[in-house]
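These notes concern the structure reproduced below.
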Amino acid sequence: MKVKTQIFVDKYVAKPVAYLLNFLARLVGQLLRIDHSLDRDFERIAICKFKGMGSILQSTPMLHSIRNRYPEAEIIYVSTQGNRAMLEKIDWVDTIVTVDDRSLRAFVRTNIHALLFLIRKRPQIYFDLEIYSDYSTLFTLFTLSVNRVGFYLRSSSFRMGIYTQMMFFNPRVPISQVYLQLAQLIDCSIEGAHLFPLQSAAPPPLPLDKPYMVINPNASDLRLERRWGKERFAAFIQQLTTQVKGLNIVLIGSKSERAYSQAVADLADSPGIINTAGETSLEGLISIVAHARLMLSNDTGPMHIAFSTQTPVICLFGPCAPEQYGISSSARIIYKRVYCSPCVHDFEIPPCKGDNACMQLITVAEVLQETLSVLEEPDLRPHTAFPSFIYTQGPKVLGQVRRG
């Protein structure tokens, strides 16, 4: 299904149904006197994140902490079919359940199959990592899991019947820590939890005998305003290849992003550009990123692959805050703190309607300077210090929203 169709279904179908079932779910729970205590040993734990390769990778510290606390438990991950290849690489996941959102018919059919599977499994706790999706809220309820954990925002207070526990979603905290805060509800330690280290045994599927730099000019169609712009990427490539001889440029992206990546290559019109968008498997993409001298990327999924493979990466931020999605020892951040940024967690459609000053204010010159600095000295300097947070007070996990 197209993104606009998914948003329409979520807003005009899932949301009204969720409003109705919220009250029914709470009433049934009270009548049946269901025990929602988290003080128990968990044998089946489900985690759901339908959208966002980067968010799935950022949830792996949570998986790590759960695996350490419950080594014998079955960890079930629920997502969309497009994320299956990524999930299959994560050893901390035992069972993968997916829905196919490529067409409405496939979506309905696979939702039924997925829910029937989960009802038979009966996870003792189900973590819904989606923040805004009312569809995901309904899916969570229909799994019939005894404990259903979701995020609380002011606009989602009506969900306090569907979810049996809710955690305040704080957009100023690194997203991996937000997910780890949920894990603490079931007595998991967050100490030592880390991103899953993606690896690829195969060499990069590239006909190159010279060092190369990876450039990801794309952004998910959910948030196209995260793009720096093909004209700027092209100008950057032109200036970089003029100053640094013998460095190839590898463009990456999905099949649907190939035309946009090719437009960057055509505008740059520089030697040594290879457009791999839509032509590599996930394994090939990971290998390309892992063996690169450096990566330049908008704030999107492949950036998180670079975090996982510890590839030096220059990250261009605008609509999202780097304090939330850019925390990595392998990252250098370029971000203009304009008045309306970050806006992603406050608006479905940004105030600028895509006229993203936060990205346009990033100049080719400063990206080039940062790139030359990393190429000369690949050991990245320490990350910009962000405020530290306190996540617990004694045995109390902070941020949990109590049901009235």
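Readers should treat all values here as calculations from the given coordinates under stated rules, not as data from a laboratory. None of these values were measured; they are calculated from a predicted model. When we count neighbours, we look across all protein chains shown, and the Cβ atoms used for this are built from the backbone with ideal geometry, even at glycine.
Compute the normalised compactness of segment 66-139: alpha-carbon radius of gyration over 2.2 N^0.38 Å, N being the residue count.
1.14
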- Query: Can you give the convex hull volume of the alpha carbon atoms of the chain per residue, in Å³?
  - Reply: 142 Å³
- Message: Quick check on the exposure proxy: order 72, 88 from fewest to most C-beta atoms within 10 angstrom.
- Response: 72, 88
- Query: Any idea what log10 I(q)/I(0) is at q = 0.11 Å⁻¹ for segment 247-377, Debye with uniform C-alpha scatterers and no solvent?
  - Reply: -0.42
- Message: Please rank 316, 87, fewest neighbouring Cβ atoms within 10 Å first, as an exposure proxy.
- Response: 87, 316
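Would you calculate, for the chain, the mean residue ellipticity at 222 nm contributed by helices, counting each DSSP H stretch of 4 or more residues as -39,500 (n - 2.57) and dividing by all residues, to the nearest 500?
-10500 deg cm²/dmol
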- In cubic angstrom per residue, the convex hull of segment 3-196 built on its Cα atoms measures 114 Å³
- Taking the Cβ of each residue in 86, 1 as the centre, tally the other Cβ atoms inside 10 Å and list the residues starting with the fewest. 1, 86
- Message: Suppose every Lys and Arg Cβ carries +1 and every Asp and Glu Cβ carries -1, with no other charges. What dipole size does the chain come out with about its Cα centre, to the nearest 20 debye?
- Response: 1200 debye
